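Right, one structure below, let's go through it.
The values are calculated or read from the model by the stated rules, or taken from the named source; none is laboratory data. Note that the structure is a prediction, hence the values are computed from the model and not measured. All Cβ positions, even for glycine, are placed from backbone atoms using ideal geometry, and neighbour counts span all protein chains on display. Just so you know, the surface numbers come from the protein's heavy atoms only, side chains and all, with ligands and any DNA or RNA stripped out. Shrake-Rupley method; radii C 1.70, N 1.55, O 1.52, S 1.80 Å.
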Amino acid sequence: MKTPKRLIPLLEDGLIDEVLRPLMSGKEASVYVVRCGDEVRCAKVYKDAEKRSFKKAALYQEGRKVRNSRRARAMEKGSRFGRKETEETWQNAEVDALYRLAATGVRVPEPYGCFDGVLLMELVTDDEGRVAPRLNDVGMSAEQAREDHLMVMEYVKRMLCAGLVHGDLSEFNVLVDDYGPVIIDLPQAVDAAANNNARSMLARDVDNMTRYYAQYAPELMETRYAAEMWHLFEAGDLTLETELTGLVEEDTHSADVDSVMAEIQQILRDEEKRRERLKAGMEDE
């Protein structure tokens, strides 16, 4: 096949030895199967910003920290240099996320580095060397659906423990090999503490995965993992050892508005009396 233009520098630098075939093309990148020495890996070529169809990218980039103040100002202004820096930050975000998630026990492809907008990483395969299918191409029993759903919820929890929310998790961004689900496509991963949209994105991620697995095990629709995780995360109680239940204890106590208002009025009356006493004392002097 004709070598894609963006992969030529990697061939020239010896980072890859041969481009074998295209694997898939998505909204933010095209992926190719490549040979690196004796190993077969994949090369993810990120599309330029104007060619990406990923919607509302700014929502995902909110809260991402840029240490260099000059770079941060340029990115805010949207200058030519700033746009270039924004692109590099977007591309490097996936590499950083892959390393962070792997360190917390989330199954993700092993990254080998990002070079000029090309991410080299592990090609996920089955035991016979065939490329692992996406989850949406896999059928399963109810028992398998329950088992894999629980595993994915565990991975989402571990992402949150690492301070990240995938942000675009669905059956199209999960591969399935002989050992279970593998999470992929993370350039849009958001900072759970700094991004104001993190909670809603977490809820959407969990809902997407639950709805998919519920095709095979309908009772999964009764679970509430997103609410449980976020409650624990906000309280500072979410850890890698936390055992999720999918249940959330509802607050059944309704607010007693009348009592609260009465208490506020009493405080105001007491304050008014205090001021009158102070005023009278000053007049007596």
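No other residue among Met229, Met221 is farther than 17 Å from Leu164 by Cα, assigned by the TED database to the domain that holds Tyr99 and open to solvent by less than 90 Å² (accessible area, probe 1.4 Å) apart from Met221. Applying the criterion of at least 2 residues that are within 28 Å of Cys42 (Cβ to Cβ) to the helices (runs of 4 or more DSSP H) found wholly in the stretch 132-241 leaves 142-161, 198-213. Is at least one residue of the stretch 166-173 touching a Leu at 6+ places or on another chain (Cβ under 8 Å), closer than 12 Å to Ala226 by Cα and not small (Gly, Ala, Ser)? No: the stretch 166-173 contains no residue that is touching a Leu at 6+ places or on another chain (Cβ under 8 Å), closer than 12 Å to Ala226 by Cα and not small (Gly, Ala, Ser).
Scanning the stretch 238-261 for residues that are at pLDDT below 95 and closer than 19 Å to Arg158 by Cα, we see that the one that is most open to solvent (accessible area, probe 1.4 Å) is Leu247. Looking only at the stretch 3-22, filter to residues that are open to solvent by 50 Å² or more (accessible area, probe 1.4 Å) and in a strand (DSSP E or B); which one of those is nearest to Ile184 (Cα to Cα)? My answer is Pro22.
Scanning the stretch 173-218 for residues that are closer than 21 Å to Glu28 by Cα, surrounded by fewer than 21 Cβ atoms within 10 Å (Cβ to Cβ) and of a type in the set (D, E, K, R) yields Asp191, Arg204.
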